[in-house]
Amino acid sequence: MNILRVSYPRGSRKSLWSAFIATVIVIIGLVFWSYTQGQRKLAMKANPNKSVPNDTELRTRLGKDQYRVTREGATETPFQNAYWNNHQPGIYVDIITGEPLFSSLDKFDSGTGWPSFTKPISKDKVVEKSDSSFGMERIEVRSSKSDSHLGHVFKDGPQPNGERYSINSAALRFIPVGKLQEEGLGDYLPLFSRAEIGDQKSASPRR
């Protein structure tokens with residue numbers, strides 16, 4: 001009986017092995033990338049005991065605009081930033097420490113092109129300082145934990161307190177209500193439950 005043998009050129013075998021090795025390397029790279037992204041996300045979660053990273057680490061971790069705003073006091077371009085027109089319910093945290101700073105419940109449309117709030121989520125989360133830069137007298141707002149520049153507060157906001165906290169999106173990270181528990185901010189969920197109850201009551205017809 002004659003048996004037909006199929007032989008492959010040595011070059012073909014080499015190509016197959018090269019392709020196989022390349023595929024394995026790509027898969028390992030993707031797994032490693034997914035792992036590092038997951039670790040980075042975990043590291044950014046709210047942690048009151050987390051220390052502020054040093055400048056070298058911040059330069060690596062933050063984007064160019066994020067670093068310029070938070071560490072050099074820059075101001076981002078109005079109407080061309082992440083959260084000026086964000087209407088989702090949730091919490092805005094410090095981009096560096098994950099510390100809760102502002103709530104969507106206090107956010108309003110100021111028409112300025114920057115995220116604007118009537119107040120911080122808690123007064124002890126921010127520090128206000130006199131700012132005489134650029135020939136203007138203003139009140140600078142900084143994060144109390146990371147000492148990051150956030151923006152400025154002005155006395156032209158809506159009532160009852162009449163204040164407008166004009167904050168750079170680059171200094172913040174937004175966490176929607178559905179992610180608060182996952183991000184370690186479940187204690188803030190009742191704020192939104194009470195707001196929903198209030199909305200329902202105001203929408204109910206009077207008898």
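Quick note: the coordinates plus some simple rules give every number you see, no bench work behind them. These figures come from a predicted structure and were not determined experimentally. Cβ sites come from the backbone with ideal geometry, for glycine too, and all protein chains shown count toward neighbours.
What to note about this one:
- Measuring r between the beta carbons of residue 59 and residue 156 and using R0 = 35 Å, the FRET efficiency lands at 0.50.
- Theoretical FRET efficiency, 1/(1+(r/R0)^6), r = Cβ-Cβ of residue 21 and residue 181, R0 41 Å, to 0.05: 0.45
- Sequence-distant aspartates and glutamates (8 or more away, or on other chains) whose Cα lies within less than 15 Å of residue 123: 94, 99, 106, 140, 147, 163
- Residues listed by number, the range 119-140, amide nitrogen under 17 Å from residue 106 label point at 7 Å toward C-beta: 119-129, 139-140
- For the pair residue 138 and residue 28, the difference between a 0.36 nm per residue extended length and the Cα-Cα distance amounts to 34.4 nm.
- Between residue 193 and residue 129, the FRET efficiency estimated from the beta carbon spacing at R0 = 41 angstrom works out to 0.75.
- Taking only the alpha carbons of the range 64-158, we obtain Rg and Dmax values of 12.7, 37 Å in that order.
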